[in-house]
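A quick write-up on the structure given underneath.
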Amino acid sequence: MEPLQSMNGIASRAPVLAVAVREVTKSFGTGDSRTVALKGATFDAREGELHLVVGPSGCGKTTLLSVIAGTLGWDCGDIDVLGTSLSTLSKGKTTAFRGKNIGFIFQQFNLIPTLSCVENVSVPMLLNGAKRSEAEKRAARLLVEVGLEDKLQQRPTQLSGGQQQRVAIARALIHEPRLLICDEPTSALDSTTGHQIMDLLAAVARVPGRCVIIVTHDPRIYGYADRITEMEDGRVNRVLAGETLRSIHHGPNSLT
Ligand SMILES: Nc1ncnc2c1ncn2[C@@H]1O[C@H](COP(=O)(O)OP(=O)(O)OP(=O)(O)O)[C@@H](O)[C@H]1O
Ligand SMILES: [Mg+2]
């Protein structure tokens, strides 16, 4: 039974954590070339929220996303994703867990240039063992949803940056992951396209049981955040939420 919080006489459920990172350290290399990317980082993301992670270049943002996604091992600490402790999973089980529960969107889209948009978007479902016809049907539907109904059979190289990013979003969503992780999804985009992408991601975060985590350098999107985690030198510096967040960043339309 989840605890109830009472505010002004109204009982509400405490937020459910989608991700809990506890005192995680991660270093790369050895000896003189050793870099400590995470130095006891502690981070939470909740179900139902759009959570931004910000901080200077090299502070460990991508490393944090990678350990949460289970694509990178870590040295010490605990990571819990959607109620599963990642340290209890074997490598194979981690891959299967990721395939089922996590979607990624990368800054550079990472689309396969030789495949059509429909084929690109189908890939995660095919990897999860779905039939091609079923995967492509759902891929086409998602591409329509992101406004690319006239691009289904085109190759990524025939699309603009914003259109490619929308294909990447459709691909990240096709297996209906509960956790969507995005590494700088708007930095290569103009303001209008950036708004469209953020509107899409904000809508995903509102689906019950889902969570969207976005690493960004882009202050234009701060207004979309439910919470913002600021990182510095491998650690979480502070978490901004509620009035504090609103007083620093004004409303959802700061992407101008
Ligand atoms: N594979 C790697 N091998 C060695 N060092 C690495 C590796 N990946 C990251 N690092 C180092 O770890 C630190 C954190 O890197 P990370 O990529 O997490 O930073 P970031 O906050 O995402 O930066 P940016 O905003 O520039 O993308 C950096 O000093 C980086 O050089
Ligand atoms: Mg990075």
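The values are calculated or read from the model by the stated rules, or taken from the named source; none is laboratory data. Remember, predicted model here, so these are calculated numbers, not experimental data. Neighbour counts run over all protein chains shown; Cβ positions are idealised from the backbone, glycine included. These accessible areas exclude ligands, DNA and RNA; they are computed on the full protein's heavy atoms, side chains included. Shrake-Rupley method; radii C 1.70, N 1.55, O 1.52, S 1.80 Å.
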Taking region 181-207 as the search range and keeping residues that are surrounded by fewer than 15 Cβ atoms within 10 Å (Cβ to Cβ) and more than 16 Å from the chain's Cα centre (by Cα), which one is farthest from GLY48 (Cα to Cα)? ASP190
Here are the criteria: (1) out of contact with any helix residue (DSSP H, G or I) (no Cβ under 8 Å at 6 or more places or on another chain); (2) over 20 Å from SER66 (Cα atoms); (3) among the small types (Gly, Ala, Ser); (4) within 16 Å of ligand 2 (Cβ to nearest atom). Tell me which single one ALA188 does not satisfy. (1)
Looking only at region 59-72, decide whether some residue is within 16 Å of ligand 2 (Cβ to nearest atom), assigned to a strand (DSSP E or B) and in contact with a Ser or Thr (Cβ under 8 Å, 6 or more places away or on another chain). no
Anything in region 80-125 that is open to solvent by less than 70 Å² (accessible area, probe 1.4 Å) and over 27 Å from MET198 (Cα atoms)? List them, or say none. THR84, SER85, LEU86, LEU89, SER90, GLY92, THR94, ALA96
Among the numbered conditions (1) free of Cβ contacts under 8 Å to residues at least 12 places away in the same chain; (2) part of a strand (DSSP E or B); (3) hydrophobic (A, V, I, L, M, F, W, C), tell me where LEU126 comes up short. (2)
From the list HIS195, HIS175, exactly one residue is more than 21 Å from ARG227 (Cα to Cα), of a type outside the set (Asp, Glu) and out of contact with any strand residue (DSSP E or B) (no Cβ under 6 Å at 6 or more places or on another chain). Which is it? HIS175
Taking region 177-207 as the region of interest, how many residues are at pLDDT 90 or above, assigned to a loop (DSSP other than H, G, I, E, B) and within 18 Å of GLU145 (Cβ to Cβ)? 3
From the list LYS151, LYS100, LYS137, LYS93, pick out the single residue that is more than 16 Å from ligand 1 (Cβ to nearest atom), under 18 Å from the mean Cα position of the chain (by Cα) and either under 27 Å from HIS217 (Cα atoms) or not in a strand (DSSP E or B) (or both). LYS100
Would you mind stating whether GLN153 is surrounded by 14 or more Cβ atoms within 10 Å (Cβ to Cβ) and modelled with pLDDT of 90 or more? no
Output for Cβ contacts, cut-off 6 Å, separation at least six or different chains, first residue in contact (Cβ under 8 Å) with a residue 12 or more places away in the chain in region 53-68, second open to solvent by 10 Å² or more (accessible area, probe 1.4 Å) and near ligand 2 (Cβ under 9 Å from one of its atoms), reads VAL53/LYS61; GLY55/LYS61; THR62/ASP183; LEU65/ASP183
Provide a single number: the residues in region 208-220 that are within 16 Å of ligand 2 (Cβ to nearest atom) and either in contact with a Cys (Cβ under 6 Å, 6 or more places away or on another chain) or modelled with pLDDT of 90 or more (or both). 4
If you take the residues of region 22-38 that are in a loop (DSSP other than H, G, I, E, B) and more than 8 Å from ligand 1 (Cβ to nearest atom), which of them is farthest from the chain's Cα centre (by Cα)? THR30
In region 39-68, what residues are under 16 Å from the mean Cα position of the chain (by Cα), open to solvent by 30 Å² or more (accessible area, probe 1.4 Å) and within 16 Å of ligand 1 (Cβ to nearest atom)? THR62
